[in-house]
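Data first, discussion second: the structure below is written as structure tokens.
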Amino acid sequence: NAGVTQTPKFQVLKTGQSMTLQCAQDMNHEYMSWYRQDPGMGLRLIHYSVGAGITDQGEVPNGYNVSRSTTEDFPLRLLSAAPSQTSVYFCASRGRGEQYFGPGTRLTVT
Amino acid sequence: TQLLEQSPQFLSIQEGENLTVYCNSSSVFSSLQWYRQEPGEGPVLLVTVVTGGEVKKLKRLTFQFGDARKDSSLHITAAQPGDTGLYLCAGDRGSNYKLTFGKGTLLTVNP
């Protein structure tokens with residue numbers, strides 16, 4: 001039981017490049033979400049999903065896309081990276097009670 | 001407008017001291033969670049409080065949910081260097097499992 005896994009751990013992008021942050025969970029949780037964490041801003045919800053095929057926007061969705069084709073996977077796509085997207089990104093999954101976070105991806109956009 | 005206000009933002013104390021961290025809101029939450037996050041890692045859930053007035057203890061940590069379910073506190077007795085970390089509170093308003101996070105309290109316990 002690996003919990004929530006995220007790849008990559010670190011990534012550097014140039015402005016305008018695209019990439020996908022991967023997230024997977026093996027706890028059969030229906031609810032998954034993506035957060036970004038910035039100094040002084042706390043954790044802010046980007047997108048979330050309440051089950052396969054269902055996604056919705058969180059607090060700061062602009063510049064990010066998500067899809068949920070399976071219960072296990074919830075990738076986050078940056079279509080055209082901007083310096084403002086430099087942050088640490090956390091994926092999380094939640095069952096009936098506890099929410100589990102992945103180890104994070106530290107993204108730098110230059 | 002920040003839905004959940006945490007205070008203090010930073011706290012640096014000596015080993016053995018007691019401390020309290022607060023999480024306040026003008027909104028009512030169906031439950032409130034406390035997390036601890038260490039550098040380079042994701043937040044880890046410490047406790048969930050659900051009932052107004054509820055008190056939960058986890059070794060030297062005591063968590064309380066306000067009677068009106070709008071605020072919570074975390075009290076640490078005889079803090080140790082291993083308690084160092086970022087403490088986050090998160091409120092659940094009962095719809096779609098979405099959590100709202102406070103900005104966190106960065107605690108440093110010096111030996």
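The values are calculated or read from the model by the stated rules, or taken from the named source; none is laboratory data. Predicted model only: the values in this text are computed from it and were never measured. Neighbour counts are summed over all protein chains in view; Cβ atoms, including those assigned to glycine, are modelled from backbone coordinates with ideal geometry. Ligands, DNA and RNA are stripped out before the accessible areas are found, and what is left, the full protein with its side chains, is counted by its heavy atoms. Shrake-Rupley method; radii C 1.70, N 1.55, O 1.52, S 1.80 Å.
Charging the Cβ of each Asp and Glu at -1 and of each Lys and Arg at +1, and nothing else, the dipole of the protein assembly as shown about its Cα centre rounds to 220 debye.
For a paramagnetic label modelled on A:D38 (point 7 Å from Cα along Cα→Cβ), amide N atoms under 16 Å away belong, within segment A:68-110, to A:81-90, A:106-110. The interface between chain B and chain A buries about 1500 Å² of solvent-accessible area in total (1.4 Å probe, ligands and nucleic acids excluded).
Between the listed residues B:Q9, A:H47, A:H29, the Cα displaced farthest toward the positive end of the dipole of the protein assembly as shown, a dipole computed from Cβ unit charges relative to the Cα centre, is found at A:H47.
Contact order, relative form, for segment A:24-79: 31 percent (alpha carbon pairs under 8 Å, 6 or more residues apart, mean separation divided by residue count). Binning all Cα-Cα separations of the protein assembly as shown at 5 Å, short to long from zero, yields these whole-percent fractions: 1, 7, 15, 18, 18, 16, 12, 7, 3, 1, 0.
On a per residue basis, chain A carries 46 Å² of accessible surface, using protein heavy atoms and a 1.4 Å probe. Average accessible surface for chain B: 49 Å² per residue, computed with a 1.4 Å probe over protein heavy atoms with every protein chain in place.
In this rough spin-label picture, where each label sits 7 Å from Cα along the Cβ direction, the B:F10-B:A68 distance is 3.2 nm. Panel note: contact residues of segment B:82-111 (accessible area lowered by at least 20 Å² against the chain on its own; 1.4 Å probe) correspond to B:N96, B:Y97, B:K98, B:L99, B:F101, B:K103.
Across the accessible surface of segment B:16-110, with the other protein chains kept in place and a 1.4 Å probe, carbon and sulfur atoms take up 47 percent. For segment B:39-53, accessible area lost to neighbouring protein chains reaches 20 Å² or more, against the chain alone with a 1.4 Å probe, at B:G40, B:G42, B:P43, B:L45. Sparse packing (at most 13 other Cβ atoms within 10 Å of the Cβ) combined with a DSSP loop state is found for the following trypsin sites (Lys or Arg not before Pro) in segment B:28-89: B:K59, B:R60. Burial of accessible area (probe 1.4 Å, heavy atoms of protein chains only) in segment A:42-64, relative to its chain alone, reaches at least 20 Å² for A:G42, A:L43, A:L45, A:Y48, A:V50.
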